[in-house]
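To start, the structure itself, in structure tokens.
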Amino acid sequence: MAPGLPAPMREFCLVSVLRNVLGVACWLVDSRIALRGVQMPFSAPAHQDAYSVLFTAPTQFGCAQAAIIFDARYLALPLRRDEAALQHMLQNALPLTVLQYRRDRLLVQQVRQALLQHPDATHSAEGLAHLLHLSPRTLHRQLHDEGASLQGLKDNVRRERATDLLLRTQRPIKQVAQAAGFQNEKSFIRAFKLWSGTTPAEFRRRQTESE
């Protein structure tokens, strides 16, 4: 970017390029690319609050260069557009730079990771959505688009964590319940019986006897 440009024009050009790159990248892999951060090589402007709308991710100003930061796993997604789709897109390209892409093909993995790494902060959809920089409504809608549900993912993560703790440790059932993200021991025992047909204590006893 030419350093001699007036500051407003330089800002406009950098923002436009990053949004265009992001929009085309989302289109190529047919997935919303959730940003983790944005970097801009100039001081925060008076309208800096608008950046949360432009990029839906935290923006840092005064950086060495302009950049968008995202999960590297998006780079492994296959291209889903061919030449015919490209020609059609070019006739209606403006929405790619204005509207946020709806589908996120990594969202299920991101939700699972958040549930595993932040069990205390993901009891509610609101807490989880906040960690992922989404609204609860958007979170539920995008998971539905991917054929998943928040409750189903929670159950899977909790079951995996609880089973692992029951097999690998001698923690009391109450501590296992807390570590698996349950509010109390009673709700954990009830859920575990639905998953396995037995109580956590009985499950642990059977596994110990079979070894």
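The values are calculated or read from the model by the stated rules, or taken from the named source; none is laboratory data. Remember, it's a predicted structure, so these values are computed and weren't measured experimentally. Every residue, glycine as well, gets a Cβ built from its backbone with ideal geometry; the counts of neighbours run over all protein chains shown.
Any idea how many residues of region 50-87 are free of Cβ contacts under 8 Å to residues at least 12 places away in the same chain, surrounded by 10 or more Cβ atoms within 10 Å (Cβ to Cβ) and farther than 28 Å from Gln113 by Cβ?
So the count comes out to 3.
Could you grab me the full set of residues in region 186-211 that are surrounded by fewer than 17 Cβ atoms within 10 Å (Cβ to Cβ), within 19 Å of Asp120 (Cα to Cα) and within 29 Å of the chain's Cα centre (by Cα)?
Once the filter is applied, which keeps residues that are surrounded by fewer than 17 Cβ atoms within 10 Å (Cβ to Cβ), within 19 Å of Asp120 (Cα to Cα) and within 29 Å of the chain's Cα centre (by Cα), region 186-211 yields only Ser187.
Among the residues of region 33-47, what is the count of those that are surrounded by 13 or more Cβ atoms within 10 Å (Cβ to Cβ) and over 10 Å from the mean Cα position of the chain (by Cα)?
8
Being in contact with an Asp or Glu (Cβ under 6 Å, 6 or more places away or on another chain), modelled with pLDDT under 85 and part of a loop (DSSP other than H, G, I, E, B), is that true of even one residue in region 120-128?
no
Can you pull out every residue in region 135-153 that is without any contact (Cβ under 8 Å) to a residue 40 or more places away in the chain and either farther than 19 Å from Phe188 by Cβ or surrounded by 19 or more Cβ atoms within 10 Å (Cβ to Cβ) (or both)?
Those that are without any contact (Cβ under 8 Å) to a residue 40 or more places away in the chain and either farther than 19 Å from Phe188 by Cβ or surrounded by 19 or more Cβ atoms within 10 Å (Cβ to Cβ) (or both): Ser135, Pro136, Arg137, Thr138, Leu139, His140, Arg141, Leu143, His144, Gly147, Ser149, Leu150.
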